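Working notes, structure below.
The values are calculated or read from the model by the stated rules, or taken from the named source; none is laboratory data. Remember, it's a predicted structure, so these values are computed and weren't measured experimentally. Neighbour counts run over all protein chains shown; Cβ positions are idealised from the backbone, glycine included.
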Amino acid sequence: MKNKYSSKSLEILEGLQAVRKRPGMYIGSTDIIGLHHLIWEILDNAVDEALSGFSNSIIISMNIDGSISVEDNGRGIPVDKHKSGLSGIELVFTKLHAGGKFGSDSGYKTAGGLHGVGASVVNALSTFVDVTVWRDGYEWQMNFSEGGSKRTKLTKVKKSIKRGTLITFKPDIMIFKNNDFDFNMIINKARESSFLIKELEIKVIDKKLNKFEIFKSHNGLVDFIKFIDNKKPITNLVSLKDNYSNIKTNIVLHYNNSDTEKILSFANNVKTINGGTHENGFKSGMTKVIKNYIKNQGIKEKYPIEGQDIREGLTAIVSIYVNEDKLEFEGQNKHRLSTSEARSAVETTITKQLNFWLLENKNQAEKIIKKISLSAKARFMAKQSKLTLKEIKNNSKIKRILSGKLSPAQSKNYKLNELFLVEGDSAGGSAKLGRDRKYQAILPLRGKIINTEKANILDILRNEEINTIINAIGAGFDNNFNINKAKYGKIIIMTDADTDGAHIQSLLMAFFFHYMVDIVKEGYLYIAIPPLFKLTNKYQKKKIIYLYDEDEYQKFGNLDKYEIQRYKGLGEMNDYQLWETTMNPETRTLIQITLHDEFFSRKEITTLMGNKAELRKAWIQKNIKFTLVDNIILNNKK
Ligand code: TSJ
């Protein structure tokens, strides 16, 4: 018996010695992360006890001597002897689990049913470990020192009605580069554990600095998701729970308005920062259930939806529990779950439960689908165009194009500002010189404006002229357009008074109608009316009369004393004339463009503007409401 015991001791010593030789194999590293790993190994055991429902309190102390204590109020580590001749406590602190967490190729498994995995590793890497157990009416004690090579006998100290386990250990300075524990790292871990196990209270005390924090969560993952996502959700919180093939799955999720995806996953309370089978199951389940919902609702996918579109703005926590003998991790740091059954268990949970939720919450489902469609659209456009998704989204490239073109207004009172969209560079130049710099901005349009009726959204966005307009207005476009962000209270189309000019007007109106309809609805859109004729008094050259259309000209009579100039374009006016006749709010003529009936117009504009140019003008005349505003100046009265 004595011999057998000694050989057992030798085996244990060799095991612990192996840990000291290659600590990285067991705790990943000997830096600050590895150092804290010692706490997590001990803490995990206490958390397991709470998870099993035998305790509800854990206290972690950072002691003055640099040691750490972890105490719980559970059943206490068993003290009776195992068939190997060792007590439960001894087993926990001396028997190395096969392979260790980071070294084995079979992956990390907790010892089936027996807690205490990793505690032996902590022992091996500590100068001392003191164990106190309160159990079955007594207080028990046992001490280990010098990397577990020395130990005192397990002794019954005294009678006690207390229950629980207290472990104090001090990391070996020979092993670790740095022995300073970090309060914040510990409280982050404590907070996370408290979210994972409802009603478990975890107190962290820094005895050196005399401070502490207490964590306790009543709502578990529901509290957790609120903690990790400070953005305002656009949906209620979805909380799902199910059990398939002996795997318990808990999921909480919601959407916010951002484009970031945030998924946290856990397996048996171990954070899997590299995801794994459970997270993959969650993602594929999300994709399936959303696509299926879209299909069943008869919604048309204008742009192909992919998983990543579905996860933009999604915040989720996936936590599963599997039998310990099925728990497997892989990857460089064992941060990825490889338990194969987890994938289908989580996928089934999310597809069944979320589908149910979507059907029960149609309004919110609609919001989610709308957001997903937008993401798909942006991604699609980025892929097709030369722009990256980021460029499409924040328009950085577009802003660069714009910066050379737009002559901005000085005033920051956007409501009062006017944006002139001017046909051609030369008129643009005159407008720039002639304008009221305070309130008037000039955007010359030199390129061709794309026909937004015929072109697809991609080409529209790639069109430089459209891009510059969108960015000058600065309020987004299409579904993302927000008129409250518009930098102008008036958007004034200023073209030559010829057929080309009319064409440009209609193309621009079509664009605003389709992609910024509020600009039209709210009465922000105008057409400037330049004069057609200039009548200069032959005898008093300073007396000039401008006439704005044929009718006026015909009715004018007595033309003999005038030199008559028929303007072919804005470019024939100098900056002063352009200001006086077309831009000056005191003297100009503007036509405000509004709508008779939105639905009717939308339908008509699409059918008519498509191909038949001749119908376009007639349509505009008929359907768009032209309202004369500002002054009509028929002659040059002062
Ligand atoms: F393992 C350890 F030392 F790291 C550690 C274990 C550290 C801390 C702070 C707590 C614990 C621990 C272990 N708390 N509670 C337990 N429970 C058991 O080990 C236990 C108790 C009773 C029975 C039983 O079947 O009666 C089984 C176990 C595993």
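Go over the candidates Val131, Val122 one by one and state the one that is assigned to a helix (DSSP H, G or I), near the ligand (Cβ under 8 Å from one of its atoms) and modelled with pLDDT of 95 or more. Show your work before the answer.
Working: Val131 fails: assigned to a helix (DSSP H, G or I).
Just a single option satisfies the conditions, and that option is Val122.
Of the conditions (1) on the phi < 0 side of the Ramachandran plot; (2) more than 16 Å from the ligand (Cβ to nearest atom); (3) not in a helix (DSSP H, G or I), Glu199 fails just one. Which one is it?
(1)
Could you identify the single residue in Asp229, Asp242, Asp182 that is in contact (Cβ under 8 Å) with a residue 60 or more places away in the chain and out of contact with any helix residue (DSSP H, G or I) (no Cβ under 8 Å at 6 or more places or on another chain)?
Sole residue among the options that is in contact (Cβ under 8 Å) with a residue 60 or more places away in the chain and out of contact with any helix residue (DSSP H, G or I) (no Cβ under 8 Å at 6 or more places or on another chain): Asp229.
Restricted to the range 153-178, and to residues that are more than 16 Å from the ligand (Cβ to nearest atom), assigned to a loop (DSSP other than H, G, I, E, B) and out of contact with any helix residue (DSSP H, G or I) (no Cβ under 7 Å at 6 or more places or on another chain), which residue is farthest from Ser120 (Cα to Cα)?
Looking at the filtered set, the residue picked out is Ile161.
So how many residues does the range 493-541 have that are in a helix (DSSP H, G or I) and basic (Lys, Arg)?
1
Go through (1) within 21 Å of Glu572 (Cβ to Cβ); (2) at pLDDT 90 or above; (3) not β-branched (Val, Ile, Thr) and name the single condition His503 misses.
Of the numbered conditions (1) within 21 Å of Glu572 (Cβ to Cβ); (2) at pLDDT 90 or above; (3) not β-branched (Val, Ile, Thr), the odd one out for His503 is (2).
Might you check whether a residue that is touching a Leu at 6+ places or on another chain (Cβ under 6 Å) and in a helix (DSSP H, G or I) occurs anywhere in the range 356-367? Spell out the reasoning first.
The initial filter retains those residues of the range 356-367 that are touching a Leu at 6+ places or on another chain (Cβ under 6 Å), namely 365.
Narrowing further to those that are in a helix (DSSP H, G or I): 365.
Yes, the range 356-367 contains at least one residue that is touching a Leu at 6+ places or on another chain (Cβ under 6 Å) and in a helix (DSSP H, G or I).
Would you mind finding the one in Ala472, Ala427, Ala441 that is modelled with pLDDT of 95 or more and on the phi < 0 side of the Ramachandran plot? Walk me through it before giving the result.
On the way: Ala472 fails: modelled with pLDDT of 95 or more; Ala427 fails: modelled with pLDDT of 95 or more.
From the options Ala472, Ala427, Ala441, the qualifying one is Ala441.
Gly66 versus (1) modelled with pLDDT of 95 or more; (2) in contact with an Asp or Glu (Cβ under 9 Å, 6 or more places away or on another chain); (3) within 14 Å of the ligand (Cβ to nearest atom): which is the lone unmet condition?
So the condition that Gly66 fails would be (3).
Could you please find all residues in the range 546-567 being of a type outside the set (Ser, Thr, Tyr), at pLDDT 85 or above and in a loop (DSSP other than H, G, I, E, B)?
Within the range 546-567, Asp560, Lys561 qualify.
Restricting to the range 18-48, name every residue that is without any contact (Cβ under 8 Å) to a residue 60 or more places away in the chain and not hydroxyl-bearing (Ser, Thr, Tyr).
Listed by number, the residues that qualify are Lys21, Ile33, His37.
Being more than 15 Å from the ligand (Cβ to nearest atom) and in a helix (DSSP H, G or I) is the filter; apply it to the range 179-191 and report the residue that is farthest from Lys271 (Cα to Cα).
Looking at residues that are more than 15 Å from the ligand (Cβ to nearest atom) and in a helix (DSSP H, G or I), I get Phe183.
Looking only at the range 449-499, how many residues end up being crowded, with 17+ Cβ neighbours inside 10 Å and free of Cβ contacts under 8 Å to residues at least 24 places away in the same chain?
3
Among the numbered criteria (1) within 12 Å of the ligand (Cβ to nearest atom); (2) modelled with pLDDT of 95 or more; (3) aliphatic (A, V, I, L, M), which one does Leu91 miss?
(2)
Answer with yes or no whether Asn256 is under 23 Å from Phe356 (Cα atoms) and within 11 Å of the chain's Cα centre (by Cα).
Spelling it out, Asn256 is indeed under 23 Å from Phe356 (Cα atoms) and within 11 Å of the chain's Cα centre (by Cα).
Do the conditions hold for Ile225, that is, is it in a helix (DSSP H, G or I), out of contact with any Leu (no Cβ under 8 Å at 6 or more places or on another chain) and buried (at least 16 other Cβ atoms within 10 Å of the Cβ)? Give the derivation first.
Numbers: in a helix (DSSP H, G or I): yes; out of contact with any Leu (no Cβ under 8 Å at 6 or more places or on another chain): no; buried (at least 16 other Cβ atoms within 10 Å of the Cβ): yes.
Judged against the criteria, Ile225 is not a match.
What single numbered condition from (1) modelled with pLDDT of 95 or more; (2) crowded, with 20+ Cβ neighbours inside 10 Å; (3) within 14 Å of the ligand (Cβ to nearest atom) fails to hold for Asn45?
(1)
Which residues, counting only those in the range 69-82, are among the hydrophobic types (A, V, I, L, M, F, W, C) and near the ligand (Cβ under 9 Å from one of its atoms)?
Selection gives Val70, Ile77.
So for the range 51-66 (the condition being outside any helix (DSSP H, G or I), small (Gly, Ala, Ser) and under 18 Å from Arg151 (Cα atoms)), does at least one residue qualify?
No, every residue in the range 51-66 fails to be outside any helix (DSSP H, G or I), small (Gly, Ala, Ser) and under 18 Å from Arg151 (Cα atoms).
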